[in-house]
Amino acid sequence: MKPATQTAPDKSHWPPLLEQAVHEVFKIMLSCELQPPDGSSEDHQPGDFTSMVGLAGDLCGVLTLRCSMASAMLMTSKMLGTDPGTVDEQVWDAVGEVANMVAGNFKNKLPGLGDRCMLSVPTVITGGDYNCHALADAGRIEVMQLFEGSPIVVALEIHT
Amino acid sequence: MKKICALIVDDSSVMRKIVERSLRQAGIELSEVREAGNGAEALSAVNQGGVDLVLCDINMPVMDGIEFLKQMQTVELAKGVPVVMITTEGNEAHVVQALSVGARGYIRKPFTSDQVKQHVIPVLEGKS
């Protein structure tokens, strides 16, 4: 049998799976329904809070979740069931976990991949004055949604 | 069901709080909650005795959940204490590996309190 690692995966069905993975994490862990972007939100930068999770194995790449600091604080308060004003450094941990769960939920939706793809520990970056140059050479999937009216962008940079 | 002492093992403090809240929402009465950020800390916690249930992540620094399960079997005070894994790594190989080294249940993140109830109550009642 031809090893799975030599088979080029059909990625055409991945964007809706990524969107589904994002929606499920927000619905289950934050009790929040994401909304599709409206015309005005597409022109806005998602913000200066970026959480990144690496994938290695049969699927190599980087999943990033980008949002504003206000959205990150709100995500944290919804996860913990606390007032947004009481959120402190837990925001790094919380949004890192959201990215981790989105990445895990996405890869678990790809048949046969779960066993052959590992996730890294999340990394969180703050500040918007940077460009991310992932050495991805097999495409990029991006999902933009509105979280409580503010844009969040989840992107998967894919390496071969 | 009697009140229990739960040990929650996850390198994310936010996730530990979410797991604790899910246990309470599932109607499980907690007399005590202990937290550990990795398997090594969890071993120290079970060594103190009195733990009735362990909920454990797999991917953690220092000592992961699978190694914790293996080492826990050598701890006298931990014998018979059920362990339920709660992890993003929900693929079949991880499930089989965790069950083969003593896990009694498996919950995949993201999870609801209903799923926690569904997996944890039978374990506490000795039905799983």
**Asked** How much net charge surrounds residue B:47 when only other residues with a Cβ under 14 Å from its Cβ are counted (Lys, Arg +1; Asp, Glu -1)?
**Response** 0
**Request:** Take the Cα gyration tensor of chain A, multiply each eigenvalue by 5, square-root it, and list the three semi-axes largest first, rounded to whole angstrom.
**Result:** 27, 16, 15
**Asked** How big is the gap, in Å, between the Cα center of the range A:89-117 and the Cα center of the range B:49-128?
**Response** 19 Å
**Asked** When you take every Cα atom in the range B:4-124, what is the radius of gyration, and what is Dmax, the widest Cα pair distance, in Å?
**Response** 12.6, 34
**Prompt:** By the scheme Lys and Arg +1, Asp and Glu -1, what is the net charge of all other residues having a beta-carbon under 10 Å from that of residue A:52?
**Reply:** 0
**Asked** Are there any helices in chain B, counted as whole DSSP H runs, that stretch 15 Å or more along their axis by Cα and score at least -1.0 on average by Kyte-Doolittle, and if so which?
**Response** B:13-25, B:113-124
**Fill in**
Helix-only [θ] at 222 nm, chain B, -39500 (n - 2.57) per DSSP H run of 4+, per residue, nearest 500, equals -12000 deg cm²/dmol
**Under 23 Å from the Cα of residue B:17 - lysines, other chains or at least 8 residues apart** = A:27, A:78, B:2, B:3, B:109, B:117
**Prompt:** Expressed in nm², what is the orientationally averaged projection area of the convex hull enclosing the Cα positions of the range B:1-70?
**Reply:** 4.4 nm²
**Message:** Give me the net charge for the shell around residue A:159: Cβ to Cβ below 15 angstrom, other residues only, Lys and Arg +1, Asp and Glu -1.
**Reply:** +1
**Request:** Over the range B:4-124, calculate the relative contact order: mean separation of alpha carbon pairs under 8 Å at least 6 apart, over the residue count, as a percent.
**Result:** 25 percent
**Degrees separating the helix A:69-80 axis from the principal Cα axis of chain A, which is the longest one** = 90 degrees
**Message:** Angle check, please: helix A:14-30 long axis (alpha carbons) against the longest principal axis of chain A (alpha carbons), in degrees 0 to 90, nearest 10.
**Reply:** 40 degrees
**Message:** Below 8 Å, C-alpha to C-alpha, sequence gap of six or more: please give me the relative contact order for chain A in percent.
**Reply:** 33 percent
**Message:** I need the peptides A:148-156, A:79-87 ranked by packing, meaning the mean over residues of other C-beta atoms within 10 angstrom, with the highest value on top.
**Reply:** A:148-156, A:79-87
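Since every read-out is calculated from the coordinates, none of them should be taken as a lab result. Every value quoted in this text rests on a predicted model; they were computed, and no experiment measured them. Backbone-built Cβ (ideal geometry, glycine too); neighbour counts: all protein chains shown.
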